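See structure below.
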Amino acid sequence: MASDTGSIGILDRDYASSLESVDVAEADILGAAAEAGFGEDDQHGIGMAVRECMVNAVVHGNRYNKNKRVHVRVTRSASEFTIRILDQGEGFEAERVPDPLDETNILRHSGRGLFLMGAFMDDVKVQKASPSGTEVTMVKSFAPRG
Amino acid sequence: MSAKLNTREVGDVTVVDVSGRITLGEGSSAMRDTLRDLVAAGKKKVLLNLSDVTYIDSSGIGELVSGFTTVANAGGTLKLLGLTKRVKDLLQITKLYTVFDVHEEEAHAVRSFA
């Protein structure tokens with residue numbers, strides 16, 4: 001359905017708080033990205049970003065709580081492919097996540113997920129949701145046509 | 001497909017052939033368990049062959065780093081062999097590429113432990 005901003009809804013779905021949901025959401029969004037016309041490398045990057053974001057939502061946000069869901073919405077406009085992933089956790093402040101490229105953090109076991117989302121997508125915003133949870137909005141622009 | 005690991009000895013070097021996906025869950029825990037077992041068995045020269053790894057996420061990267069430090073803390077060395085372009089790119093953007101000793105040919109990698 002087209003919105004006032006000209007974007008079209010592609011996917012609107014709740015997922016359980018499980019690792020299986022990470023695979024399912026990744027596959028769902030990869031299918032949508034392929035249908036939207038993204039090439040293989042862009043699809044890989046989008047898939048990576050979705051996987052990292054879903055893992056954060058399931059593991060750190062909802063903490064595998066079976067009563068909590070991860071809501072995923074994908075829209076597209078003429079210029080952008082937008083993915084919103086909303087968990088029902090306690091929320092976190094992205095600014096407080098240590099820089100994984102800092103040499104004091106380079107050998108840390110974890111903490112690279114948010115960085116990788118930013119590396120593979122054109123824009124990533126992390127916001128506290130109301131009344132609770134975290135909403136991550138990730139945007140991939142369509143390459144200008146030659 | 002989750003990761004599959006097979007261990008073999010080439011001289012005094014332990015080569016771990018990894019295939020499939022190293023992602024949070026079975027893939028990353030299989031690699032963690034294998035490397036811990038090798039360290040517990042006293043293996044000091046470990047070559048991780050990633051040429052058949054099709055996908056790796058941040059959890060998989062974390063296991064590579066943990067494996068590297070676990071082997072090093074036990075007085076050994078862990079090196080990487082056969083990175084696909086995507087795994088190489090991932091290690092480069094996370095600035096880990098220069099942390100690891102990376103090789104393209106097994107024979108050369110094995111000799112480098114001497």
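Bear in mind that the values in this text are calculations on the coordinates, not laboratory data. None of the values given here were measured: they were computed from a predicted structure. All Cβ positions, even for glycine, are placed from backbone atoms using ideal geometry, and neighbour counts span all protein chains on display.
Some observations on this one:
- Counting only residues at least eight positions apart within a chain, or on another chain, the lysines with an alpha carbon under 21 Å from that of B:Lys95 are B:Lys79, B:Lys85.
- Charge dipole of the protein assembly as shown (Cα centre as origin; +1 on each Lys and Arg Cβ, -1 on each Asp and Glu Cβ, all else neutral): 440 debye, rounded to the nearest 20.
- Relative contact order of region B:4-111, pairs being alpha-carbon contacts under 8 Å that are 6 or more residues apart, as %: 26
- Straight Cα distances below 16 angstrom link A:Lys66 to the aspartates and glutamates A:Asp14, A:Glu20, A:Asp87, A:Glu90, with same-chain residues fewer than 8 positions distant left out.
- Translational D in µm²/s for region B:4-111 (Stokes-Einstein at 37 °C, 0.692 mPa s, Kirkwood Rh from C-alpha pairs): 243
- Cβ-based exposure ranking for A:Lys140, B:Lys95, in which fewest neighbours within 10 Å come first: B:Lys95, A:Lys140
- Among A:Tyr64, B:Tyr97, A:Tyr15, a tally of other beta-carbon atoms within 10 Å of each Cβ gives an order, fewest to most, of A:Tyr64, B:Tyr97, A:Tyr15.
- Gyration tensor (alpha-carbon) shape descriptor, region A:2-65, a/c threshold 1.5: oblate
- Overall shape: oblate for region A:87-146, with the ratio a/c of the largest to smallest alpha carbon gyration tensor axis at 1.5 or above and b/c at least equal to a/b.
- 10 °C / 1.306 mPa s Stokes-Einstein diffusion coefficient of the protein assembly as shown, Kirkwood radius on C-alpha pairs, µm²/s: 81
- Residue of B:Val65, B:Val53, B:Val18 that the Gaussian network model of chain B assigns the largest fluctuation, springs spanning Cα pairs under 10 Å: B:Val65
- Rounded to the nearest 20, the Cβ-based charge dipole of chain A about its Cα centre (Lys and Arg +1, Asp and Glu -1) stands at 400 debye.
- For chain A, the spread of Cα positions along the three principal axes, ordered from largest to smallest, is 43, 38, 27 Å.
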